[in-house]
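The values are calculated or read from the model by the stated rules, or taken from the named source; none is laboratory data. Computed from a prediction, not measured in an experiment: that's the story for all the values here. With ideal geometry, Cβ positions are generated from the backbone for all residues, glycine too; neighbour counts draw on all protein chains shown.
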Amino acid sequence: MLKKVGILANGGDVSGFNAVIRAIVKTAENHDVECYGIMDGYNGLLKKDFQILSTAQNGEAIGILPKGGSIIGSSTNSNLFNYKVVNEDGSVEYRDMSGQAIENIKEFGFDCIFTLGGDGTQKSARDFSTKGVNIVGVPKTIDNDVACTEITFGYNTAVSVAMEALDRLHTTGETHHRIMVLEVMGRYAGWIALEAAIAGGADVALIPEIPYDIKKVASKIENRKSRGKNFSVVVVAEGAKPLGGDITVMGKRDNGKGVDNTKLGGIGQVVAQQLEELTGLESRNTTLGYMQRGGTPTAFDRVLCTKYGTKAMELALEEKFGRLVVIKNGKLDSASLEDVVGNNTEIGAVSGNTKESNLRKITMDDDLVKTARNIGINLGD
């Protein structure tokens, strides 16, 4: 019988972490199961940093439904299968520390670990599952790119923030006859950019899945000028790239092996400068950045997170481990972690945009693409 479970939040923060945690805890308490937070993502497994979670009076999980961030922290650099270790002499090496983490799980008596995270998090979850750890995953990422599910938690809130920014940029652009560019997150998938562009009435949306021709974007803006519309609004995903070109990179982060170390950023400014040169209209770029991640979750995300959390606990109670909670055909379901990682089966392998990865990207027959084209949004092609 299930008696004690651990919850870890991993990867970049999103609105909704706490709502999922609350749902797991409340469902667990109804079945006399103890819940512990594993602090700061997978790092907590290594450091044995476990804290009780409860909705009893003065409990840690009270009042967290509307709270952004994660009350149990998170980590973006903790692949325990290729873990960065700094030796006493200052030298750096990478070690497989998963064995120590598994010993800590056994010693503390966890019957199941809930992994709240995206592609990299669930890749490690699958690797731990392969080594005999009971895992139930919950798909999180604002990029909405986790395989096998129709939507991840945190995504709707990010889109809503981007839409609100577009509403505000519209008025400035119209007042000063400018091109207003908004750079949003979306490393390898353009869900935020495309959905925000539709919701926010943008004229152009540049996404990673469609390499863009800047001259065709300029032509769209020139066409608007010819019709008396002396301003335009452009949404650019951080991972968008020009035809024959590559993504715009700010640098590399030393997060260790087995995680995506590429630091994106700057494409919005590049696009703004090019469009100003081509059209003669002043252009300004706004990079939304971490504004998309923080703050209170939308009603949609609160409900989705609660559904995900309760379903995750149900799977654990039914001893259906090695699975990810998903939305399939609009309904709660689950998928094997093996299906989630796809061909990326090597233990400790790098997660992200590789040929072995199984990221969920926008396809050209998606309804969002058709809708955008039908209402005249230029996609750069």
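Couple of notes before you dig in:
- Within the set K47, K26, the sole residue that is farther than 18 Å from K84 by Cβ, assigned by TED's automatic domain parsing to the domain that holds L317 and basic (K, R) turns out to be K26.
- Any hit, the stretch 211-224, residues being assigned to a helix (DSSP H, G or I), surrounded by fewer than 22 Cβ atoms within 10 Å (Cβ to Cβ) and among the polar types (S, T, N, Q): yes
- Output for the stretch 21-63, where each listed residue is on the phi > 0 side of the Ramachandran plot, surrounded by fewer than 24 Cβ atoms within 10 Å (Cβ to Cβ) and either among the small types (G, A, S) or in a helix (DSSP H, G or I) (or both): G63
- If you go through the stretch 286-336 and pick out every residue that is within 27 Å of E34 (Cβ to Cβ), assigned to a loop (DSSP other than H, G, I, E, B) and out of contact with any helix residue (DSSP H, G or I) (no Cβ under 9 Å at 6 or more places or on another chain), you end up with 2.
- Taking (1) over 20 Å from K361 (Cβ atoms); (2) assigned to a helix (DSSP H, G or I); (3) among the small types (G, A, S) in turn, G228 satisfies each apart from (2).
- Residue within the stretch 171-194 that is crowded, with 24+ Cβ neighbours inside 10 Å, within 20 Å of the chain's Cα centre (by Cα) and either of a type in the set (K, R) or over 27 Å from F17 (Cα atoms) (or both) present: no
- Test: residue in the stretch 353-362 that is out of contact with any Gly (no Cβ under 8 Å at 6 or more places or on another chain), of a type in the set (D, E) and modelled with pLDDT under 95: no
- The sole residue among N87, N18, N82 that is more than 22 Å from Y308 (Cα to Cα), assigned by TED's automatic domain parsing to the domain that holds C305 and either among the aliphatic types (A, V, I, L, M) or surrounded by 17 or more Cβ atoms within 10 Å (Cβ to Cβ) (or both) is N82.
- Checking A312, A335 one by one, the residue that is in contact with a strand residue (DSSP E or B) (Cβ under 7 Å, 6 or more places away or on another chain), surrounded by 21 or more Cβ atoms within 10 Å (Cβ to Cβ), of a type in the set (A, V, I, L, M, F, W, C) and in the same structural domain as G16 (by TED's automatic domain parsing) is A312 and no other.
- As a summary of the residue check, E318 satisfies the conditions (1) touching a Phe, Trp or Tyr at 6+ places or on another chain (Cβ under 7 Å); (2) farther than 30 Å from L182 by Cβ except for the one numbered (1).
- Those residues of the stretch 287-327 which are basic (K, R) and farther than 21 Å from G69 by Cα, in sequence order: K311, K320, R323
- Sub-9 Å Cβ pairs linking a first residue in the stretch 295-318 that is in contact (Cβ under 8 Å) with a residue 24 or more places away in the chain to a second residue that is of a type in the set (F, W, Y) and surrounded by fewer than 19 Cβ atoms within 10 Å (Cβ to Cβ), at least 6 apart or interchain, are L315/F321, ordered by first then second residue.
- If the condition is being assigned to a loop (DSSP other than H, G, I, E, B), surrounded by 11 or more Cβ atoms within 10 Å (Cβ to Cβ) and of a type outside the set (D, E, K, R), then the stretch 354-374 contributes T354, S357, N358, L359, I362, M364.
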